[in-house]
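Here the structure comes first, spelled out in structure tokens, and everything after it is commentary.
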There are 4 protein chains.
Amino acid sequence: MQLGLIGLGRMGGNMRDRVRAAGHEVVGFDPRPEVTDVPSLEDLAKALSAPRVVWVMVPSGEPTRSTVRALADILEPGDLVIDGGNSRYTDDAPNAELLHGRGIGYVDCGVSGGIWGKDNGYGLMAGGAPEHIELAMPIFDALRPEGPREEGFAHAGPVGAGHFSKMVHNGIEYGLMQAYAEGFELMEASPLVEDVPGVIQAWSRGTVVRSWLLDLLVNALSDDPHLADLEGYVDDSGEGRWTIEEAIQHAVPLPVISAALFARFASRQDESPAMKAVAALRNQFGGHAVKKAAGPAGAPGDVAGPSSGTGSTHG
Amino acid sequence: MQLGLIGLGRMGGNMRDRVRAAGHEVVGFDPRPEVTDVPSLEDLAKALSAPRVVWVMVPSGEPTRSTVRALADILEPGDLVIDGGNSRYTDDAPNAELLHGRGIGYVDCGVSGGIWGKDNGYGLMAGGAPEHIELAMPIFDALRPEGPREEGFAHAGPVGAGHFSKMVHNGIEYGLMQAYAEGFELMEASPLVEDVPGVIQAWSRGTVVRSWLLDLLVNALSDDPHLADLEGYVDDSGEGRWTIEEAIQHAVPLPVISAALFARFASRQDESPAMKAVAALRNQFGGHAVKKAAGPAGAPGDVAGPSSGTGSTHG
Amino acid sequence: MQLGLIGLGRMGGNMRDRVRAAGHEVVGFDPRPEVTDVPSLEDLAKALSAPRVVWVMVPSGEPTRSTVRALADILEPGDLVIDGGNSRYTDDAPNAELLHGRGIGYVDCGVSGGIWGKDNGYGLMAGGAPEHIELAMPIFDALRPEGPREEGFAHAGPVGAGHFSKMVHNGIEYGLMQAYAEGFELMEASPLVEDVPGVIQAWSRGTVVRSWLLDLLVNALSDDPHLADLEGYVDDSGEGRWTIEEAIQHAVPLPVISAALFARFASRQDESPAMKAVAALRNQFGGHAVKKAAGPAGAPGDVAGPSSGTGSTHG
Amino acid sequence: MQLGLIGLGRMGGNMRDRVRAAGHEVVGFDPRPEVTDVPSLEDLAKALSAPRVVWVMVPSGEPTRSTVRALADILEPGDLVIDGGNSRYTDDAPNAELLHGRGIGYVDCGVSGGIWGKDNGYGLMAGGAPEHIELAMPIFDALRPEGPREEGFAHAGPVGAGHFSKMVHNGIEYGLMQAYAEGFELMEASPLVEDVPGVIQAWSRGTVVRSWLLDLLVNALSDDPHLADLEGYVDDSGEGRWTIEEAIQHAVPLPVISAALFARFASRQDESPAMKAVAALRNQFGGHAVKKAAGPAGAPGDVAGPSSGTGSTHG
């Protein structure tokens, strides 16, 4: 079948390749002339026969919303728009409503797999009406991994359910990554485990903790056994935050996923105002030494505190 | 080669089968006559040619320690004892020292894989001297999964390193399981995701969160889509606790693994004394309603509190 | 001076008493005839001389917003509305804007102190323009505790800053309460501390943990030394949730306050879906026993699992 | 009465002053000639009439244990040793047993109050036999704050109960401090609260969060409103760690106190190995940019990653 694909960045470009390799015709649009197949969205619409299926793969938030608005004007009744980007699920109902007013269908699809998806296939979670899901099924089949459909694709529910599922997937991902990372740190901290990368590699088969993320950690450690070349600075792209916010809406306790999110926040701080406050309190009640911040006229990290004597009985 | 195997429970029995299937001779001992190959440890020793390799697979703690003490008296210089159980790594140095005094070698080996290991192979992490590791390598090769040795076996370091690695493996396992579980709960809590088991199954291939534990969750949900037949009561067998204790020794922050452990503790409480105290405090400052515990003369779960009026400004 | 006071529930009624006791004239309105001073908001406005100061003390959310809308129609340019309820700070800017269009001023004021404030005074955090703060200062002085003004009142910043400060105050409160509660539980769990209420009472003076909340815990334990009459069920009225959501906006790690919030969520669950999932996973990989939920045809809490044998090596 | 006091550091010196001010005779010993009253422990014993009460106020661990051993040789049947230091409660039973063999009594006493205790009095939690508690009561009364005895002193239980209670007290203290600190950080992160120190000071009276620790935070902020002179580096002296270890023994969930402890651990890390691992994983699956650590030949903090294109759909 034919697919219109908007956004040919790292993800979109790979997806174009994968869908084409499955034998479908893909017309891609991207503002960058060197990668686009057509010069404009209008040309993309013209290049496709009705009913058109147009997959949007651009950054979430305003870029996706404005693309949907543009498609509402360009497409025709009976066409279908799929948002495959990382939109917050709360964007889906407004997008669907706007398009519905023009007779255009809408499906939201969470896509997992990263840069490996081109070869391995992408895990897909879709939300929308059954007839829209069915219309796009050949594309879903092209994008998902080999094997039974249900192991790489789910029709999660109505519009929004796809991105909701993907949000939860990413929240889980935060927890998984942090769990491995904590174990790595503890082994690094002990003199007993002399071959930390070897132990982690030995978990690749047979163990309870084997996973694709573990395989990636093995890869990373094979290049840099102590990760000496990296800073412990971890960004986030929003889904972990949304997961916690959603949990708060539903009064669901998420101690692990929230801890993983907060560890990322903390990783980006040069100085923690909170820990300054704790240091200040310890100094106040116990005369505990504090580290003075570097100043123009002072040496960095000087320890100021009582010069001698038994400490207080507080910790 | 020959292997003496002590402990033929679920794990040990399976391991006997797997090692035999690899072509080795296994002499197993267990106090239960219906499963044992020999009537006593002494007979086990007699049935093996020197240098003997004897694998201990009995419950950790005193059962393992007393087995090692018995072997110290029965085995001969040059023999080798492997503790493959779930011992705390701090037991390994005393065990090794005791045996070393008799000229007997000692290796600790963490074993992962559960009841699936018989068919899939077991992930193995061993600690000990290189010559002892080498002596037992045919057994390790029989037990570990097919594939490159380093993907299912590691010589982690000196005595203790094997169980230390296994302890960390299990700590990570706690975090992984809790991460999936939190995601499951959040999806169950939202009306949007209509097919939670389907979404989780769709993560089986291609996604970032795919793993063996995920496959097991898919299995569990295929039988019981909402886990309605289970109580949310989760035991623990110690390794998670040891992981946190070890982290405290090394001042390593483990927010995720500790949260997973504490969630298990909480799951086993009918009533939380801590939350009673919070409820009492809210009642004290704000006149917030509290739930009265059931008593002989009262209805269970009655709500006691102010009969009307705007609440306080506290939460 | 004169004060209009809308909402004469537990908080508002007490505040009317306290402001009157300070020598001011208070005209209160409440829909309940038995407590109101005037039959309608219009009558309240008529009873006050311009410039009027009207304090709104009704439940947050729509009740407060609709009261502000009504006052926008009833009051006159130069008058001042103070929202002293527990509104989310994001409501303040829209409220202020609506009133500003009519020439009416707006101040948001966080109020802490619960049912004890009538006698002890209330801690106050106000947001708004300096001239509005000044206009209401006699009321703030009447409501706040005796002592230096700055120890019971702050002009926190512009509109919204008062409720923001109160939100953070309540978030901290969650953390404080949970910290005491955890300590209480740990002492209750140990046989060593024979007089837990006595120990907690002994913290009342001189110690680092002395506080008003501690005093309240002493009160609660004096009535019920083991809190046997309470259920460990803890509600929340929103500020803790907002605190976490705000932290997420600013990428501020709040591990303690979030843990306190999640402990409340968990306290309200009869069954934890997450812990069911963890139990299911343990059963899957290790054959660990699970507790079967009670069913129509089965006994509650039956333990199902392998009838014998050594367990797996997983926790 | 007479008191022997060993250890005249910051705490011990202040306590000597306070007990003397209450009219008792104190004979102090310290290895530092400039502060000691007697040249040796033997002289201390000689200077006191039987039955002697000797208070040990030296660093916990080996210094305290060796002092108790020395006293076992020097004191006489009927005398009493009080360990008022910050010993782990597990040291108390061995100490008591050793002394009991010589007919000497033993009491453990947790002491809270820091450098302020000299003037405010110390909160005291004692463990031991009733007759020993009674013998030392005049000293407890001298040390504790003015007011009812039960508000500053508790006989918590048998030997060990005093230090256990103090351990829990300090664990709670960690949680309280972290709760305030998180609130401080969140207000600092928002542009809305223009006067953070003012808001915190306004919590001093009337509010639910008022406490002595809050007063200390007000003090600290009055000198340095943004704590700009401090580093966010927080040490710990062990009681928080013991609290978590004890909770693990009793399967008590302590999410808040553990989070506070781990925040301290993290505050002392220049680089987090765990967060390096998370960064490595994100880079592996999504091609997310990572920060390269500074090296001899490279610029610090360079960002390495894909030069352009839409990111992956992972966070």
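Rule-based calculations on the coordinates, nothing more; no lab input. On a predicted model such as this, the values are computed, not experimentally measured, just so you know. Positions of Cβ are backbone-derived with ideal geometry, glycine not excepted, and every protein chain shown enters the neighbour counts.
What the table below lists for this structure:
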| item | result |
| --- | --- |
| FRET E, pair B:Ala22, B:Lys46, Förster distance 22 Å, beta-carbon r, rounded to 0.05 | 0.40 |
| Cα long-axis angle, helix D:62-74 against chain D (0 to 90 degrees, to the nearest 10) | 10 |
| D:Phe153 long-range amide H proximity, modeled H, under 5 Å | D:Leu124 |
| Exposure proxy order (Cβ contacts within 10 Å, fewest to most) of B:Ile139, A:Ile82, A:Ile74 | A:Ile74, B:Ile139, A:Ile82 |
| Long-range tail of P(r) for the protein assembly as shown (Cα pairs > 60 Å, %) | 18 |
| Qualifying GluC sites (Glu not before Pro) for segment B:149-235 [loop in DSSP, other Cβ within 10 Å: at most 16] | B:Glu194 |
| Rg(Cα) / (2.2 N^0.38 Å) computed for segment D:1-148, rounded to two decimals | 0.94 |
| Computed E for A:Ala70/B:His226 - FRET, C-beta separation, R0 56 angstrom, nearest 0.05 | 0.85 |
| In order through segment B:79-95: 3J(HN,Hα) via Karplus (6.51 cos²θ - 1.76 cosθ + 1.60), integer Hz, x for Gly, Pro | 6, 9, 10, 10, 8, x, x, 9, 5, 5, 5, 5, 7, 6, 4, x, 4 |
| Residues whose placed amide H lies under 5 Å from that of B:Arg210, excluding near-sequence neighbours | A:Trp212 |
| Neighbour cut-off at most 15 other Cβ (10 Å), DSSP loop, GluC sites (Glu not before Pro), segment B:1-93 | B:Glu34 |
| Viscosity 0.890 mPa s, 25 °C: Kirkwood-radius Stokes-Einstein D of segment A:112-267 over Cα pairs, µm²/s | 138 |
| Distances in nm from D:Asp73 to the matching label points in the other copies, shortest first (labels 7 Å along Cα to Cβ) | 3.9, 9.2, 9.5 |
| Cβ-placed point charges (K, R +1; D, E -1), dipole of chain D about Cα centre in debye, nearest 20 | 600 |
| Partners for D:Lys291 among lysines (Cα-Cα distance below 21 Å; same-chain residues under 8 apart left out) | D:Lys276 |
| Axis-nearest residue in chain C [Cβ, rotation onto D], distance in whole Å | C:Ser211, 2 |
| Residue-averaged beta-carbon neighbours from other chains (10 angstrom radius) around A:120-131 | 3 |
| Summed side-chain charge close to D:Leu213 - residues other than D:Leu213 whose Cβ falls under 11 Å, Lys, Arg +1, Asp, Glu -1 | +1 |
| Shielding of A:217-225 by partner chains, average beta-carbon count, 10 Å | 3 |
| Radius 14 Å from Cβ of A:Ala21, net charge of other residues (Lys, Arg +1; Asp, Glu -1) | 0 |
| 3J(HN,Hα) from dihedral phi, segment C:236-246, Karplus parametrisation 6.51/-1.76/1.60, rounded to Hz, x for glycine, proline | 8, 10, x, 5, x, 4, 4, 4, 5, 4, 5 |
| Shielding of D:141-154 by partner chains, average beta-carbon count, 10 Å | 4 |
| Distance between modelled label sites at D:Asp270 and C:Ala189, nm, 7 Å Cα→Cβ extension | 3.7 |
| Karplus (6.51, -1.76, 1.60) ³J(HN,Hα), θ = phi - 60°, over segment A:12-20, in Hz, Gly and Pro reported as x | x, x, 4, 5, 4, 4, 5, 5, 4 |
| Within segment C:46-194: Cβ-based charge dipole about Cα centre, in debye rounded to nearest 20 (Lys, Arg +1; Asp, Glu -1) | 580 |
| Dipole moment magnitude, nearest 20 debye, the protein assembly as shown about Cα centre, only Lys, Arg, Asp, Glu C-beta charged | 0 |
| Rounded to 10°, Cα long-axis angle of helix C:130-143 versus longest principal axis of chain C | 70 |
| Ascending list, in nanometres, of distances separating the A:Ser49 label from those of the other copies (7 Å, Cα toward Cβ) | 7.7, 8.6, 11.5 |
| Scattering curve values for chain D, log₁₀ I(q)/I(0), Debye with Cα scatterers, q = 0.08, 0.09, 0.10 Å⁻¹ | -0.51, -0.61, -0.72 |
| Local net charge near D:Gln284, Cβ-Cβ under 11 Å (Lys/Arg +1, Asp/Glu -1) | -1 |
| Placed amide H near A:Arg268: partners under 5 Å, 5+ positions off or other chain | A:Val234 |
| Shortest-first distances to equivalent copies, position D:Arg20, nm, label 7 Å out along Cβ | 5.8, 8.2, 9.1 |
